[in-house]
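Remarks on the structure that follows.
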Amino acid sequence: MSRLPVDPAAVESCTEPTPPHDVVGPLLLWVRTELRDLPWRNTRDPWHVLVSETMLQQTQVSRVIERYHEFVDRFPTATACADAPTSAVIELWAGLGYNRRAVNLWRCARLVVDEHKGRLPADLDSLLALPGIGPYTARAILAFAFEHDVAVVDTNVGRLLARWSGESLKARQAQTMADALIPEGSGWLWNQALFDFAVAICTKRDPDCRACPVADACAWKGVGHDPAVTSAGVSGKQSRFIGSERQVRGRIVAALRNGPLPIEELLALGRANDDESDVVRIADSLVADGLAVRSAGRLTLPGHQQSGT
């Protein structure tokens, strides 16, 4: 018997999880009294939003709160950041970890000045063309600075969507579902509500389903296999930091914040089983990432000569 040809796109569209629209109203009521007072929520300055989002990547909110004001006071605009040497930005990043973010932020500031007259653009494609800005950060800027009705999907929001739908979602499915849930004219508040709800109620390890205001609309309800565990974009266990190359990189950058470092002193910053070639290789990776400059047998922060040190 002959069969009609099947359109793969049509099959895929039939299997799209249904957005749980019933969660919208209760969550908007919940957030009226539960919205956290975070400093970056009191601004619509695109540069300040970018700074906060860059700091928040893989860093606890409490640590970012301590450093956010210090950074935007020192570099209140992209122009101020672009005019500073890279070393000044890296020095101010102390304690936040993942120092490449500081270099990317500086590179982004330079491009914003060169190509956008010092003002972050308000469209997705232009934001994605900037260094260090991926799909999540670009959407966060659109939602939190420009108040566009776009969905911002991080690992916490991905967890909510998987549990509400009762399905393990692919990244595209999660983004499509999140886009469909945005209440018109309330993109800023809705995205913030999802973030806070994921932290306060629908947590990763111990969700408080009894206190959940959207339990009736949730397909999972805390029973059986958690669909978020195998969903794309939902974070797994982070790689060990102690004893890792990341730790050695951090030690070297921390030492460079105090001044130039002779190459022969690198070994003291390595791990117990590292030899000189291991530590030199790690140092070379810092140079490749723009976090250090090697000259005359020493490592320095990039741009140190510009800052007069």
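The values are calculated or read from the model by the stated rules, or taken from the named source; none is laboratory data. Predicted, not measured: the structure shown is a model, and the values here were computed from it. Using ideal geometry, Cβ is built from the backbone for each residue, glycine included, and neighbour counts are taken over all protein chains shown. Areas reflect the complete protein model, heavy atoms only, side chains present, ligands, DNA and RNA absent. Shrake-Rupley method; radii C 1.70, N 1.55, O 1.52, S 1.80 Å.
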Can you send over the solvent-accessible area of H21, 1.4 Å probe, protein chains only, in Å² to the nearest 10?
-> 100
Inter-label distance, nm, simple model (7 Å from Cα along the C-beta direction), A254/T155 = 2.2
Segment A180-L38, length gained on full extension (0.36 nm per residue, minus Cα span) = 48.5 nm
Provide R107, R41 ordered by accessible surface of protein heavy atoms (probe 1.4 Å), highest first.
-> R107, R41
For R44, solvent-accessible area (1.4 Å; no DNA, RNA or ligand), Å² = 90
With every protein chain present, what accessible area does D179 have (1.4 Å probe, heavy atoms only), rounded to the nearest 10 Å²?
-> 70
How much of the accessible area of the chain, probe 1.4 Å, is carbon plus sulfur, in whole percent?
-> 52
Along region 19-34, Karplus-curve 3J(HN,Hα) (6.51, -1.76, 1.60; θ = phi - 60°) to the nearest Hz, with x for Gly and Pro, reads x, x, 4, 5, 7, 5, x, x, 6, 5, 6, 4, 6, 4, 10, 10
Summed side-chain charge close to P76 - residues other than P76 whose Cβ falls under 12 Å, Lys, Arg +1, Asp, Glu -1 | -3
For the chain, how many pairs of lysine residues have a Cα-Cα distance under 20 Å, where the two are 8 or more positions apart or belong to different chains?
-> 4
Once you mark the GluC sites (Glu not before Pro) that are in a DSSP loop and have at most 16 other Cβ atoms within 10 Å, what is the longest gap between them in the chain?
-> 1-146
Cβ-defined net charge surrounding A232, 13 Å radius [Lys, Arg +1; Asp, Glu -1] | +1
Note: L28 to D45 extended length (0.36 nm per residue) minus current alpha-carbon separation gives 3.7 nm
Using amide H atoms built 1.01 Å from N in the peptide plane, name the residues 5+ places from L299, or on other chains, whose amide H lies under 5 Å from its own.
-> L261, I263
How long is the gain from L267 to H116 if the chain were fully straight, where each residue apart is worth 0.36 nm and the alpha carbon distance is subtracted?
-> 50.0 nm
Neighbour net charge for A140 - beta-carbon separation under 9 angstrom, K R +1, D E -1 | -1
Find the all-direction average of the projected area of the Cα convex hull for region 9-109, expressing the result in square nanometres with one decimal place.
-> 9.7
Calculated P(r) of region 164-309 - Cα pairs past 19 Å, % = 67
Region 32-103 and region 155-205: distance between their alpha carbon centers, rounded to Å = 24
At a 1.4 Å probe radius, which order do C209, C218 fall into by accessible area, largest first?
-> C209, C218
Mean shadow area of region 25-167, taken as a quarter of the surface of its Cα convex hull (nm²) = 9.3
³J(HN,Hα) computed for each position of region 58-63 - Karplus, 6.51 cos²θ - 1.76 cosθ + 1.60, integer Hz, glycine/proline x = 6, 9, 5, 4, 4, 6
Averaged per residue, the 1.4 Å probe accessible area of the chain, protein heavy atoms only, in Å², is roughly 51
Using a Gaussian network model of the chain whose springs link C-alpha atoms within less than 10 Å, name the residue from S126, S87, S295 with the highest mean-square fluctuation.
-> S295
Over the chain, what relative contact order in percent results from Cα pairs under 8 Å that are six or more residues apart?
-> 20
Rounding to the nearest 20 debye, state how big the charge dipole of region 65-205 is about its Cα centre with +1 on each Lys and Arg Cβ and -1 on each Asp and Glu Cβ.
-> 540
Could you run the Karplus curve 6.51 cos²θ - 1.76 cosθ + 1.60 with θ = phi - 60° over region 281-291 and give me ³J(HN,Hα) per residue in whole Hz, x for Gly and Pro?
-> 4, 5, 5, 4, 5, 5, 5, 5, 8, x, 9
